[in-house]
Ligand code: NI
């Protein structure tokens, strides 16, 4: 195991025991007082308070739900940005932890309390260490769970003068002391579709007088399954899932209308477009086949998250520096979840990694479950990595090699 396992050591992955304890306490305080996406004003106050104790000037954004702090560098130049998210989920916590949520029905079930506190740990490290080559911008972003927070921060100028950006997420599948760094796509685009089928309501005993929306919608459910299996290159992961089928009023009434809703995931931009056009083509063709009116609408979500080669190399070097090459791995399987960090990467190059944080005994409880927790030693690894990558990227940008 990595050196973090030695609890008696005076440092934990480059953090003094004191700083590690501070970061753990910050995390527990945030965990105790979770706030939903868009309501993170109490959370930003706690972040602000700790930045004040470090003497770091900062300001809030997006109606006091986000925080930004700029640290000066030796040279004026583009910022190296480090980003954490700070929102919780509408879940009733069942972990039984001593610092369990005090806000009924709201829980930090995705580890964003961890991300926010590890970035505070990085802030402490960056003010203590050798001078930074280039300025560093620390970003605590709201509303990641809605996929809207990054966009709001960008709209308010958080990426102005930023040359490169880094972020990460806790991952229960890997032990603490492991960092997962992967070049290329690491999260999928997340769009939703809404299909409305308008047939003709009628008597259950006289189907010839009606146009049965349930039969038409059922054919669509079956046909849409063939898009991923028959039309998309199997080397490009993608998903079409129908999560809602709403139709009918009574056993002896033929449904006049039906609604199908689902989610579309893809890692490749052209696959994303292909899935949308195929859903529309098939749904309309099946409607026409049976004389039903069909309308298809899409709600576009986060784009796929793609790590660029050079930032990924920097993220990997920093990871090796923190945990050693034996504890740096690529993602073992494609992740089809969404992550709004993708919006930043549409504007500037960067890399999004994963922090191993498997909590012993809780392996079966994934993120977004009421019993989710992580190994707090991952906080030290995350803080150290954030600080290290800020130096590494600053040096690389300083030399102009990016
Ligand atoms: Ni998350």
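Rule-based calculations on the coordinates, nothing more; no lab input. If you're wondering where the values come from, they're calculated on a predicted model, not measured in any experiment. When we count neighbours, we look across all protein chains shown, and the Cβ atoms used for this are built from the backbone with ideal geometry, even at glycine.
Laid out as a table, the results:
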read-out	value
Separation of the residue 399 and residue 259 label points, Cα + 7 Å toward Cβ, nm	5.7
Helix axis angle, 213-226 relative to the chain longest principal axis, alpha carbon, degrees	50
Helix 269-290 vs. the chain, principal-axis angle (Cα, 0 to 90°, nearest 10)	20
Values of log10 I(q)/I(0), in the order q = 0.20, 0.26, 0.27, 0.30 Å⁻¹, for the range 231-275 under a Debye, Cα-only, solvent-free model	-0.68, -0.89, -0.93, -1.04
Choice from 240, 136, 389 with maximal GNM fluctuation in the chain (Cα, 10 Å cutoff)	240
Efficiency of FRET from Cβ geometry, residue 334 and residue 10, R₀ 25 Å, rounded to 0.05	0.05
Which of 362, 399 has the fewest Cβ neighbours within 10 Å, and the rest in rising order	399, 362
Cα-based helix-to-principal-axis angle, 17-32 vs the chain, degrees rounded to 10	30
Computed lengthening from residue 130 to residue 32, 0.36 nm per intervening residue step minus Cα-Cα distance	31.9 nm
Value of [θ]222 nm, deg cm²/dmol, for the chain, DSSP H segments ≥ 4, -39500 (n - 2.57) each, nearest 500	-11000 deg cm²/dmol
Inverse of mean 1/r across different Cα pairs in the range 288-347, Kirkwood, Å	15.3
Residues 32, 351, sorted so that the one with the fewest Cβ neighbours within 10 Å comes first	32, 351
Rounded D (µm²/s) - the range 127-267, Kirkwood Rh over Cα pairs, Stokes-Einstein at 20 °C, 1.002 mPa s	106
Calculated Rg and Dmax of the range 47-104 using C-alpha coordinates, Å	16.2, 49
Rg/Rh ratio calculated on Cα atoms of the range 255-327 (Kirkwood radius)	1.31
Volume per residue that the Cα convex hull of the range 282-402 spans, once the total is divided by residue count, Å³	177
Cβ-based exposure ranking for 274, 327, in which fewest neighbours within 10 Å come first	274, 327
Gaussian network model of the chain, springs between alpha carbon atoms under 10 Å - residue of 104, 208, 31 with greatest fluctuation	208
Percent breakdown of C-alpha pair distances by 5 Å bin, ordered from the shortest bin, for the range 189-299	2, 12, 24, 21, 16, 11, 7, 4, 2, 0
Beta bridge orientation in the chain: antiparallel %, DSSP, nearest 5	70
For the chain: span of alpha carbons on each principal axis (Å, largest first)	81, 47, 41
Computed Rg/Rh of the range 208-250, alpha carbon atoms with Kirkwood Rh	1.14
Label-point gap, in nm, between residue 270 and residue 297 - each point 7 angstrom along Cα→Cβ	3.1
